[in-house]
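Worksheet: one structure, shown below.
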Amino acid sequence: MDEAKIPEAWRVLRIQSELVDGIESLAKLGGAVTVFGGARFKAGSEFYEEAQKLGAILGEAGVPVITGGGPGVMEGANKGCFASSSASVGLNISLPTEQEPNPYQDMSLEFRYFFVRKFMFVKHAVGFVIFPGGYGTMDELFEALTLVQTGKVRPFPIILLGAEYWQGLVDWMRKTMLANGCIEERELHLFTIVDDAESAAKVILQHARMLQAQEIAE
């Protein structure tokens with residue numbers, strides 16, 4: 001049924017259903033790394049290959065990988081993890097122009113609502129790795145930064161992979177946002193810029209080990 005024609009009360013039930021299904025499906029996942037990035041990078045391109053390396057490193061270290069389930073960077077990360085014993089998860093979204101789920105998902109969930117899907121991306125995250133991408137990638141990046149900045153989630157590493165791609169944005173944040181008092185200097189340190197999958201994985205795995213040590217101590 002056309003979403004616009006659904007009565008509001010029924011839409012609430014759909015949203016509730018997506019939340020319940022998502023929470024139950026991911027309940028046993030434990031800490032995972034969420035990977036974002038452009039859907040338009042083809043297999044064999046630099047960032048697809050780096051995403052596949054990252055997925056493989058994390059998967060072999062026992063850390064599940066979550067992506068948006070589509071092509072490009074998402075497919076690369078899922079593909080790398082899929083070859084390991086760790087869960088490769090895709091949180092797919094229904095779009096007017098259909099996004100075809102990539103074939104490298106041990107667990108594939110589909111969502112109608114972006115905000116429910118966003119909640120699932122964050123719920124189990126012990127880290128975000130953000131590859132170059134478009135509007136959706138930027139949306140997820142600033143969502144993560146806002147949640148950590150405002151203390152709405154337990155702080156976790158937010159890693160931007162691809163220094164050349166991200167440098168212009170970071171320069172603008174410093175020269176315009178910071179200069180106008182819209183952010184503070186410390187808030188420019190909520191993310192880390194790296195150039196390769198190995199460096200990203202090192203930061204993530206150090207954080208994951210720290211969380212495990214804290215849990216044991218508690």
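Things worth noting here:
- Filter result (without any contact (Cβ under 8 Å) to a residue 40 or more places away in the chain, out of contact with any Phe, Trp or Tyr (no Cβ under 7 Å at 6 or more places or on another chain) and not in a loop (DSSP other than H, G, I, E, B)) within the stretch 147-167: LEU147, ALA163, GLU164, TYR165, TRP166, GLN167
- Residue within the stretch 77-90 that is basic (Lys, Arg) and either under 21 Å from LEU161 (Cβ atoms) or part of a loop (DSSP other than H, G, I, E, B) (or both) present: yes
- Taking residues in the stretch 101-122 that are farther than 25 Å from SER85 by Cβ, and partners anywhere that are in a loop (DSSP other than H, G, I, E, B), the pairs with Cβ atoms closer than 8 Å and at least 6 places apart or on different chains are PHE111/SER94; ARG112/SER94; ARG117/GLY68.
- Condition broken by GLN105, with the remaining ones in (1) more than 19 Å from PHE191 (Cβ to Cβ); (2) under 16 Å from the mean Cα position of the chain (by Cα); (3) at pLDDT below 95 satisfied: (3)
- Answer from LEU19, LEU54, LEU91, LEU26 - the residue that is among the hydrophobic types (A, V, I, L, M, F, W, C), under 28 Å from ARG154 (Cα atoms) and touching a His at 6+ places or on another chain (Cβ under 7 Å): LEU26
- Test: residue in the stretch 37-47 that is under 20 Å from ARG209 (Cβ atoms), among the hydrophobic types (A, V, I, L, M, F, W, C) and assigned to a helix (DSSP H, G or I): no
- Test: residue in the stretch 180-190 that is surrounded by 11 or more Cβ atoms within 10 Å (Cβ to Cβ), among the β-branched types (Val, Ile, Thr) and farther than 17 Å from GLY38 by Cα: yes
- Summed over the stretch 104-140, the residues that are more than 26 Å from GLY62 (Cβ to Cβ) and crowded, with 17+ Cβ neighbours inside 10 Å give a count of 5.
- Criterion (within 16 Å of the chain's Cα centre (by Cα), in a helix (DSSP H, G or I), aliphatic (A, V, I, L, M) and at pLDDT below 95) met by exactly one of ALA201, ALA144, ALA208, ALA213: ALA208
The values are calculated or read from the model by the stated rules, or taken from the named source; none is laboratory data. Since the structure is predicted, the reported quantities are computational estimates derived from the model, not experimental observations. Using ideal geometry, Cβ is built from the backbone for each residue, glycine included, and neighbour counts are taken over all protein chains shown.
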